[in-house]
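Quick notes on the structure that follows.
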Amino acid sequence: MTRGMRENKKLVHGIKRPYLLILLIIIIFSFGSYGMKMISSATNVAPLNSPLALSAGFLNILITAIVALLIICAVIIILSSKLKKVNRELILRNKQIEEKNQNLLGTNHELSIQKDIVTREFHETDKFFKMLIQSADDGISFFDKEWDLKFSNSAFYSVIGLDKDSYASSDPAVLIHPDDIGYMAARLEALKNKGFHESELRLRHKDGYYVTLSTRSVTVKDENGKIIGALTISRDITKMKEVHEELVKANIEAEMSSRLKSSFLANISHEIRTPLNSVVGFSNLLLSNDVTQEMKEEYIEHINHNSEKLLQIIGDIIDLSRLESSQIEITYEESSVNAIVNEVIDEARQIIKRNEKSIILNVKNLFEDNADLVFTDKIWLKRVLSHLMDNAIKFTLDGSIEFSYSKENEDLIFKISDTGIGIKKENLNRIFEEFRQEIDGHHRPFEGLGIGLTLAKEVVERMGGKISVKSEKGIGSEFSFSIPYRPAGSTRGKLKDILKEQILTNINWSARKCLLVDDNKDVLIYLKRILMDTGIIVIMARSGPEALEIISTTPDIDVVLLDMQMPEMNGIEATRLIRKIRKDLPIIAQTAFIFEDDKDIILEAGCDACLIKPIRKEHLLTVMSSFIKSE
């Protein structure tokens, strides 16, 4: 039976019961009325005073009372039944209400528990997110649609060294860099049109400097899609920006250095091939049968000049390598300033003559004769003066060059001025840099590697001095430098030079023996030809083992000229083995290595002196004279 049928049955029973009671009352009431009529009829027949009439009246009253009582009882029964039913329903409803109340209490308790859990979780989540926001290194801030700051973390303030109160009392327009003053308007426009804005912003730190921020702002909307403000995240990229700028600068410098080195390689190829072409060309012309003595001397002069030029180029390249590896060393020895200057001037006059330039060279010696000798590195000092003089001649097409030197206070002052093409003012600060020339590339009108002034500046500064330049385009230039004055004497150097010249002109080594050791046949021939005029007996060896065998079998050898770079056995190894055979035999090393460390290694191995290739006749004879006496 379904629930609907059960409900209908209950409803029918509920309707039947009261109607049955009412029907019973109607029946009783009908019988009572009928009885009353019967009695009334009887009384109407009987006399009034008769007992029957009295009994009928009493009976009528009694029946009426009984009927009324029955009606009352029926009503009471009906009402009682209804009350019981209602009471039962009330009791049932109370039970249901109590059960629902119990259920509600349980539900309320569960809701209260859930509420506490949700509240606790919300509090912990809120605390967690606040902790995350506050611990972030990036500045996080929220502005309402009127651009009033509503929320921000500590990083938002600390990035510019402020706290919340000091920031609130500051004017944002004052904090923003003058060049970024349009940031606010640009952000508002971008948020309005696109919903986000990305840009860099410079803000003034409380210590006075500016920090660079990378900012990103996005609009924030409610559940209805209405904009309620904007969220901005700011990151301090000041150091990143500095590193980026340094990298960009380094990249630019690297590219510039690469271009300069490429230009340098192109220049060096040209600078080497040009004199080498003359050397090879004029050497071949010497082999012609129709060469006169005058032509031969001219060709030889060209060969010598271009050979010297090649040596200078190679020397500059080597010096540049030494400069980059910080291996330039200044060696002080007693030197004559006048002698150094005279050598530079003589070479300058030859260059002017060779180039057929109409240049007047004036020399002003403002130096006292009794202060001529000083302690200095004469080789490097001459190199510096030669570089400056070469530049003056190169960039002066015609006019004059003035060379002056003097002693001022405790310094030696050298000045070289010319009436050449001059230098633009914007290029004055970079002419001392490596590979720098005012005009680069294949269209440059002047030769050179662009390292002469770089070497000159480095050497002068290592000597404890300073170099400077004054120039005006189209008028001329003046290079000047000063080095500390270190007096050494007055006339002793001149006597030394005179004695040296006498020694070289009166050499007679006819009773002496010299062993030449070199794997290069041309070097052996060259050295033997130099020594022929001294009368010395020359023995030649092409390797270290061959030299050792000759020394073992020839005990009267007076001196050994030993090459350091040889196959099978190098000069260092050969020197050590020679010392085991003859400890007192003078060994003069010849090498193309020019670094001080190489020279120290050679001398420590047992050599008595060291000659740097290319070897000049005067230098070779001077060194050998220290170990061999003339007859």
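Summary table
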{"quantity": "The one condition in (1) modelled with pLDDT of 80 or more; (2) surrounded by 12 or more Cβ atoms within 10 Å (Cβ to Cβ); (3) hydroxyl-bearing (Ser, Thr, Tyr) that Ser55 fails to fulfil", "calculated": "(1)"}
{"quantity": "Lone unmet requirement of (1) without any contact (Cβ under 8 Å) to a residue 24 or more places away in the chain; (2) over 20 Å from Ser214 (Cβ atoms); (3) open to solvent by 60 Å² or more (accessible area, probe 1.4 Å) for Ser158", "calculated": "(2)"}
{"quantity": "The listed residue being at pLDDT 90 or above, hydrophobic (A, V, I, L, M, F, W, C) and touching a Gly at 6+ places or on another chain (Cβ under 6 Å), out of Ile467, Ile483, Ile475", "calculated": "Ile483"}
{"quantity": "Pair list, Cβ < 8 Å and 6+ apart or interchain, from segment 542-558 residues that are under 22 Å from Ala511 (Cβ atoms) and surrounded by 12 or more Cβ atoms within 10 Å (Cβ to Cβ) to residues that are of a type in the set (Val, Ile, Thr) and at pLDDT below 90", "calculated": "Asp558/Ile628"}
{"quantity": "Of all residues making up segment 517-531, the number that are open to solvent by 20 Å² or more (accessible area, probe 1.4 Å) and either aromatic (Phe, Trp, Tyr) or not in a helix (DSSP H, G or I) (or both)", "calculated": "3"}
{"quantity": "Output for segment 129-151, where each listed residue is open to solvent by less than 40 Å² (accessible area, probe 1.4 Å) and either modelled with pLDDT of 80 or more or within 22 Å of Asp207 (Cα to Cα) (or both)", "calculated": "Asp138, Gly139, Ile140, Ser141, Phe143, Asp144"}
{"quantity": "Identity of the residue in segment 200-235, part of a strand (DSSP E or B) and among the hydroxyl-bearing types (Ser, Thr, Tyr), that ends up farthest from the chain's Cα centre (by Cα)", "calculated": "Thr219"}
{"quantity": "Some residue of segment 180-199 being closer than 21 Å to Ser158 by Cα, touching a helix residue (DSSP H, G or I) at 6+ places or on another chain (Cβ under 9 Å) and open to solvent by less than 70 Å² (accessible area, probe 1.4 Å)", "calculated": "yes"}
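The values are calculated or read from the model by the stated rules, or taken from the named source; none is laboratory data. Keep in mind that this is a model prediction, so the values were computed, not measured. Neighbour counts run over all protein chains shown; Cβ positions are idealised from the backbone, glycine included. Surface accessibility is based on the protein's heavy atoms, side chains included, excluding ligands, DNA and RNA. Shrake-Rupley method; radii C 1.70, N 1.55, O 1.52, S 1.80 Å.
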